[in-house]
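In what follows, a single structure is set out as structure tokens and then discussed.
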Amino acid sequence: MLDRQESAEIALMTEIATLYYVEGETQEAIAQRLDMSRIKVGRLIKRAHAVGIVDVRVRHHPSVSADIEKALIERFGIKRALIALDHTDPERQRSEVASLVADHLTRQLSDGSVVAVGMGRNVGAVADNVFTDNSYKCSFVCAIGGSLKAGEYMNPDHICRRLAAKFGGDSETLYAPALVQHPELRQQLLENSTVRQTLDRARRADMALIGVGDMSEDSNMVRMGWFSPQEIAEARLLGTVGDMMGYDFIDIHGQTSQTKMQGRVIGLTIGDLARIPDVIAIASERTKAAGILGALRTGVIDTLATSSANALTVLSLDDATRKKEQP
């Protein structure tokens, strides 16, 4: 619990930040109004940023990203593209992309909405970037099982709970592991009534939040111990460029990749996603351009959220691969 001095300082920082960012007062005017030095006002504004009282977001002017968005929509038949500014800091980049998705959710959600939720850092970051006073009687349903090695932040169950807390809705856990050793065991679990009930609800979702994975040795799948670097390397040799939600490995043409890693994850498939009205694919890392292109070519993505650099690379890569395929 905060003591009286800390509470007073937070109240002062909040007042100063409101005057500066909301009312448009200058630091000099605020200093005179509150009978303090301009240096102290500046210091308190800076501290307000550090402790999270102020959340400043820079957005593209519509004219900057409009051409990129239009090109993506026309090229791949998606409904919309959410393009974030480029940042060299990976965490900052992830946050910028996630905030666009969070804003999209805020606009699209209504009472009765159901959102199927995948796994991963990019999906998890969406919950951290929700800033709204709106409350909906909506549901967030796990679209993939859980994994102890993923940790709370990346597990769909915890992401669902955080989203539900931010939007005032409820969450539903998928009581199954994300990964099993054999396709036969996967099939048995899919036939379990508890697992089937949750996945059936996820299949009927209005929206889905999914990540797009790459085939690098630093991918989530390797770090979680799902697959070895050798298995990833072998998959790359077979033409695999990425995955959707940790399964359904795909090549650059959006076709299923014939790898031994296929068919071991408990969750929605590409076929299931195709029936969801708004499948939102989120990818912030610069290593994921080929995976994003493959995901877009599956035809199941409705909304793409990524960085400006990724979007331009995807368009260039699409041009290059199409030209290469032409006789």
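The values are calculated or read from the model by the stated rules, or taken from the named source; none is laboratory data. Remember, it's a predicted structure, so these values are computed and weren't measured experimentally. Cβ atoms come from the backbone with ideal geometry, glycine included; neighbour counts cover every protein chain shown.
Among strands (runs of 3 or more DSSP E) entirely within region 227-327, having at least 2 residues that are assigned by TED's automatic domain parsing to the domain that holds Arg203 and either among the acidic types (Asp, Glu) or at pLDDT 95 or above (or both) singles out 247-251, 278-282, 303-307. Out of curiosity, is Val115 in contact with a Phe, Trp or Tyr (Cβ under 7 Å, 6 or more places away or on another chain) and outside any helix (DSSP H, G or I)? Yes: the conditions hold for Val115.
You will find that of Val130, Val115, Val123, the residue that is under 16 Å from the mean Cα position of the chain (by Cα) and surrounded by fewer than 22 Cβ atoms within 10 Å (Cβ to Cβ) is Val130 and no other.
Can you name the residue in region 84-99 that is at pLDDT below 95 and among the aliphatic types (A, V, I, L, M) and is also surrounded by the most Cβ atoms within 10 Å (Cβ to Cβ) among such residues? Step by step, filter region 84-99, then rank; the result is Ala84. When restricted to residues that are free of Cβ contacts under 8 Å to residues at least 40 places away in the same chain and aromatic (Phe, Trp, Tyr), region 242-282 contains 1. For region 283-326, a residue qualifies if it is charged (D, E, K, R), farther than 16 Å from Leu209 by Cα and touching a residue at least 24 places away in the same chain (Cβ under 8 Å), and the qualifying residues are Glu285, Arg286, Lys288, Arg297, Asp318. Filtered by the rule that a residue be at pLDDT 80 or above and in contact with a Ser or Thr (Cβ under 8 Å, 6 or more places away or on another chain), region 27-58 gives Ala31, Ala48.
Among residues of region 180-202 that are within 14 Å of Gly146 (Cα to Cα) and assigned by TED's automatic domain parsing to the domain that holds Val115, those with a Cβ under 7 angstrom from a residue that is hydroxyl-bearing (Ser, Thr, Tyr) and surrounded by 12 or more Cβ atoms within 10 Å (Cβ to Cβ), sequence gap 6+ or separate chain, pair up as Val195/Tyr175.
Met119 falls short on exactly one of the conditions (1) of a type in the set (A, V, I, L, M, F, W, C); (2) farther than 21 Å from Ala202 by Cα; (3) at pLDDT below 95, and that condition is (2).
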